[in-house]
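Visitor: This is the structure I want to talk about, given as structure tokens.
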Amino acid sequence: MRQRVRAVFAAFTTLSAVFALGVVLADPAQAFPTWDDVIAAKGNAEAKAAEVQNIQNFIIQVQAEADAAQAEAQRKGDLFAAAREKFDEADQRTKDLTAQADEAQKAAEDATTAAGRLAAQLYRSGGTDMSISLLLDGGGTKTDDLLAKLGSMSKLVERSTQVYDSAQASLKEADALNSQAEVAKAEREQLKIAADAAFQEASTAAQAAAQKLAETQDTLMTLSAQLAALEDESARTAADYEAGVEEARRIAAARAAEEAARRGVDVSDAGWARPSNGRISDWYGPRQSVWTGYGWSSSFHRGIDLAGRCGSDIYASSSGQVVYAGWNGGFGNYIEIDHGGGIRSGYAHQSSFAVGWGDWVGVGQVIGYVGTTGTSTGCHLHFEIRNFGSQIDPAEFLYNRGIAF
């Protein structure tokens with residue numbers, strides 16, 4: 001975009017040194033010139049020079065507004081990424097504590113069962129009065145045999161005590177872990193609220209930036225054509241401008257139709273498809289953290305990576321609505337699609353987008369292009385699935401819906 005603006009300025013530096021230097025921002029409340037203003041200025045050299053100055057001021061203004069909107073979207077995107085990372089860590093901690101508590105509870109139940117069996121064995125053997133029974137019934141028993149029986153009884157009692165103590169310890173550990181898990185769950189829910197709020201703010205900022213960019217492109221096309229019209233004494237410039245806009249619309253419509261026809265990707269009966277044709281280069285789960293230049297990668301990979309050539313297509317894994325399209329911290333250029341039923345899919349590190357916020361996309365539709373933005377060491381797609389906000393293994397999720405890697 002900046003190259004386009006520089007090109008516009010370069011084309012008109014010969015107008016006057018006065019207009020190339022000392023340009024100030026126009027009043028934001030003032031509307032940019034109309035075609036009537038342009039036509040009126042063409043016949044008057046002084047008015048023409050003033051109109052050129054006016055248009056150049058607006059070019060600077062609209063570009064500054066677009067840059068400001070983009071910077072705000074990136075700032076909100078970084079805040080969203082940080083908030084979601086905190087939630088993901090809390091979510092994982094809750095899962096770990098719950099699993100540990102379940103293991104401790106099972107250990108306690110196993111120990112309790114073992115203690116019960118030993119108690120039953122002691123009862124059948126006379127219980128704590130076993131030594132008296134042995135002495136009373138041992139008239140014809142040799143001393144060594146008597147001592148051996150007493151030793152066995154003592155070991156049985158000792159073992160029973162150990163098992164009971166182990167069961168009690170496991171129960172205490174399970175209670176402690178369950179308490180920690182409850183605290184972690186409460187913290188996770190608070191972080192989820194914060195992450196959802198950051199998501200909404202980042203999504204709104206990304207929408208505003210995309211809208212401002214579209215408005216800026218339209219305005220710059222108009223202003224550039226007006227500058228050309230002031231330079232060209234022929235009214236043909238205006239007609240060429242209108243024809244160019246119409247041709248751009250025609251090309252965009254043709255590409256949209258072609259894109260719809262290119263959705264011939266393999267779609268499962270459940271309505272899901274691979275998000276990329278690349279091979280899996282990193283699976284879901286624990287991994288070694290590496291430095292990427294943007295920052296350290298996570299030691300737990302909460303998605304799958306599909307290696308691919310930069311610029312290659314990224315497909316919507318299923319039909320849904322784009323609820324986020326913008327910068328997202330370490331994820332770089334990121335798109336998130338809501339498929340309904342609490343399921344969302346995420347596509348990170350894109351070089352550029354083919355769709356925007358609010359768009360409805362079909363399964364297999366191209367939504368963007370493989371890149372290496374954000375925390376990335378090479379061209380690839382990071383793909384993830386969230387189930388009511390919690391990240392799950394995407395490969396397993398897709399496998400259960402008829403898609404294998």
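Visitor: For D393, only one of the following conditions fails: (1) in contact with a strand residue (DSSP E or B) (Cβ under 8 Å, 6 or more places away or on another chain); (2) buried (at least 20 other Cβ atoms within 10 Å of the Cβ); (3) not small (G, A, S). What is its number?
Guide: (2)
Visitor: Of all the residues that make up the stretch 301-323, how many are in contact with a helix residue (DSSP H, G or I) (Cβ under 9 Å, 6 or more places away or on another chain) and either at pLDDT 95 or above or under 21 Å from Q92 (Cα atoms) (or both)?
Guide: 3
Visitor: Return only the number of the condition from (1) over 16 Å from R84 (Cα atoms); (2) part of a strand (DSSP E or B) that I335 does not satisfy.
Guide: (1) is the only condition that I335 fails.
Visitor: I would also like to ask the following. Restrict the check to the stretch 55-75 and report whether at least one residue is more than 30 Å from T216 (Cβ to Cβ), of a type in the set (K, R), modelled with pLDDT of 80 or more and in a helix (DSSP H, G or I).
Guide: The answer is no, given that none of the residues of the stretch 55-75 is more than 30 Å from T216 (Cβ to Cβ), of a type in the set (K, R), modelled with pLDDT of 80 or more and in a helix (DSSP H, G or I).
Visitor: I'm trying to understand the selection: among the residues of the stretch 333-353, which are among the aliphatic types (A, V, I, L, M), farther than 16 Å from S376 by Cα and either surrounded by fewer than 18 Cβ atoms within 10 Å (Cβ to Cβ) or in contact (Cβ under 8 Å) with a residue 40 or more places away in the chain (or both)?
Guide: I343
Visitor: Which numbered condition in (1) at pLDDT 90 or above; (2) assigned to a loop (DSSP other than H, G, I, E, B); (3) farther than 16 Å from A307 by Cα is the only one that Q391 fails?
Guide: It fails just one condition, (2).
Visitor: So, one more: In the stretch 343-383, what residues are outside any strand (DSSP E or B) and closer than 19 Å to A81 by Cβ?
Guide: Result: S351, W357, T372, T373, G374, T375, S376, T377.
Visitor: If I filter the stretch 46-91 down to residues being buried (at least 18 other Cβ atoms within 10 Å of the Cβ) and among the small types (G, A, S), which single residue comes out as farthest from the chain's Cα centre (by Cα)?
Guide: A66
Visitor: If I filter the stretch 152-171 for residues that are farther than 26 Å from S299 by Cβ, of a type in the set (G, A, S), modelled with pLDDT under 65 and surrounded by fewer than 14 Cβ atoms within 10 Å (Cβ to Cβ), do I get at least one hit?
Guide: Checked the stretch 152-171: at least one residue is farther than 26 Å from S299 by Cβ, of a type in the set (G, A, S), modelled with pLDDT under 65 and surrounded by fewer than 14 Cβ atoms within 10 Å (Cβ to Cβ).
Visitor: Additional query: Based on what the data block shows, is S318 under 18 Å from E85 (Cα atoms) and out of contact with any Cys (no Cβ under 8 Å at 6 or more places or on another chain)?
Guide: No, not satisfied.
Visitor: Inspect all residues belonging to the stretch 287-302 and state whether any of them is among the aliphatic types (A, V, I, L, M) and part of a strand (DSSP E or B). Walk me through how you get there before you give the answer.
Guide: So in the stretch 287-302, the residues among the aliphatic types (A, V, I, L, M) come out as 290.
Filter once more, keeping what is part of a strand (DSSP E or B): none.
For the stretch 287-302, residues among the aliphatic types (A, V, I, L, M) and part of a strand (DSSP E or B): absent.
The values are calculated or read from the model by the stated rules, or taken from the named source; none is laboratory data. This structure is a prediction, so every number in the text was calculated from the model and none was measured. Cβ: placed from backbone, ideal geometry, glycine included. Neighbour counts: every protein chain shown.
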